[in-house]
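Here the structure is laid out as structure tokens; the discussion comes afterwards.
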Amino acid sequence: MVRTAPRALALAAGLSLAVLASPSLAPAQQQIDPDTVVATVNGHDITMAELQAVRARDPQLSQVPLAMLYDSLVNHLVEGRLIVDKAKTEGYADHPDVAERLNAVRDEIIRSVYLTNVVEEAASEEALQARYEAYKAENPPQEEVKASHILVDTEEEARALIGQLEDGADFAELAKAESTGPSAPNGGDLGYFKREGQMVEPFAKAAFDLEAGAYTTEPVKTQFGWHVIKVTDRRTAEPASLDEVRNQLTTEIAQETIAGLVEDLRGEADIKTTPIEDIAPQAE
């Protein structure tokens, strides 16, 4: 393979995920009125909103057509309601364990809703547009080439292939027949790439030195082997549109906003933490 590994983009863990996973930012479910009643148990209506909420908790279920899951999900909700009603008749609504768990869940919901509102306010259309202008300044139009290559193990093989091309052989057919690279079935086509960061240096330099329609008359050596390269097109690539990077920019704003918020809150708060040595002296 010729491409170098792109730099991974790390998402801020925890806080940002709480925002991005919130209901207001989740993908739209199937368009059915959420107030549609799917079952009634002892006078209590169970709605489509409850069914879709159960389905959304499991990403795998979200990919299965609703019709295939509907009866199972309805039965699950019906049985759950029967158990809840039975528990209430036995006084479990006032059980101390229930109150404790409700308080914990309530705090999580408060945190999630608050952070969602903070981020939505910060990631306004004006803020996104300003961030996009900065993105365009950092990613100006760049020249790209579209190239194909034939990869072989030795310089002698590469020179022999160049000789065949000089005698009129078709580049794509030679690539299909002779190249050891993964692009061989596609006639060696590697698509478009930029000068920096996408191909190893000797390969990129050789490709960008060629005019469209030309191929290398000398073999090009990289750590992958010996290449014969043909450039089939050159163009200037414009930066991605706002819609294409909207999610990326929103995530950046969310991360920065939450990080700033937490930093400010820490600066204003009286926080005391207990060292692990004081809790468990033998802990490693």
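Read-outs: derived from the displayed coordinates by stated rules, not from any lab. Everything quoted here is computed from the prediction, not taken from an experiment. Cβ placement follows ideal geometry from the backbone for every residue including glycine, while neighbour counts extend to all protein chains displayed.
Going Cα to Cα from K221, which aspartates and glutamates come in below 17 Å? Please leave out same-chain ones fewer than 8 positions away. Partners found: D153, E155, E156, E157, E178, E201, D209.
What the phi angles of the stretch 135-143 give under the Karplus curve with 6.51, -1.76 and 1.60, with θ = phi - 60°, is a coupling list of 4, 5, 5, 7, 10, x, x, 10, 6 Hz, glycine and proline written as x.
What the Cβ-Cβ distance of E238 and A214 gives, at R0 = 35 Å and to the nearest 0.05, is a FRET efficiency of 0.90. Across all Cα atoms of the stretch 141-237, the radius of gyration (one decimal) and Dmax (whole number) stand at 12.3, 39 Å. The residue list G187, A207, A49 was ranked by how far each Cα lies along the charge dipole of the chain toward its positive end, using unit charges on Cβ atoms, and G187 comes out on top. Under 18 Å of direct C-alpha separation, and excluding same-chain neighbours fewer than eight residues apart, K176 reaches these lysines: K146, K230.
Would you be so kind as to identify which of Q60, N75, I32 lies farthest towards the positive end of the dipole of the stretch 19-122, taking Lys and Arg as +1 and Asp and Glu as -1 on Cβ and the Cα centre as origin? Positive-most Cα among the choices belongs to Q60.
Each residue of the stretch 224-237 was assigned a 3J(HN,Hα) from its phi angle through the Karplus expression (A = 6.51, B = -1.76, C = 1.60, θ = phi - 60°), giving 8, x, 10, 10, 10, 10, 10, 8, 9, 6, 9, 7, 9, 8 Hz with x at Gly and Pro. In this structure the amide hydrogen of T232, modeled in the peptide plane, comes within under 5 Å of the amide hydrogens of K146, A147, S148, G213, none closer than 5 places in sequence on its chain.
Dipole size of the chain about its Cα centre, with +1 on Lys/Arg Cβ and -1 on Asp/Glu Cβ: approximately 280 debye, rounded to the nearest 20. Counting other Cβ atoms within 10 Å as a rough exposure proxy, the listed residues S124, S183, S112 run S124, S112, S183 from fewest neighbours to most. Contact order for the chain, expressed relative to its length and based on alpha carbon pairs under 8 Å spaced 6+ residues apart, stands at 21 percent. Taking every alpha-carbon pair under 8 Å whose residues sit at least 6 apart, the stretch 141-237 reaches a relative contact order of 43 percent. Mind grabbing the base-10 log of I(q)/I(0) for the chain at q = 0.08, 0.13 Å⁻¹? Debye formula, identical points on the C-alpha positions, no solvent, two decimal places. Debye intensities relative to I(0), on a log10 scale: -0.68, -1.02. Our summary of shape: the Cα atoms of the stretch 19-122 have principal axis extents of 47, 39, 23 Å, ordered from largest down, in whole angstrom. Rounded to whole numbers, the Karplus 3J(HN,Hα) couplings from phi for the stretch 50-67 are 5, 5, 5, 5, 5, 5, 6, 5, 10, x, 5, 5, 5, 8, 8, x, 4, 4 Hz, using 6.51 cos²θ - 1.76 cosθ + 1.60 with θ = phi - 60°, and x at Gly and Pro. Since only A130, Q255, V145 are under comparison, the one whose Cα sits farthest along the positive direction of the charge dipole of the chain, derived from C-beta charges on Lys, Arg, Asp and Glu, is V145. All C-alpha to C-alpha distances of the stretch 89-157, sorted into 5 Å bins beginning at zero, yield P(r) values of 3, 11, 8, 8, 8, 7, 7, 7, 7, 7, 7, 6, 5, 4, 3, 1, 1, 0 percent in whole numbers. Assuming charge only on the beta carbon of Lys and Arg (+1) and of Asp and Glu (-1), the dipole of the stretch 173-243 about its Cα centre is about 120 debye to the nearest 20. Other residues within the sphere of radius under 13 Å centred on the Cβ of V245, judged by their own Cβ, net out at -3 (K and R +1, D and E -1).
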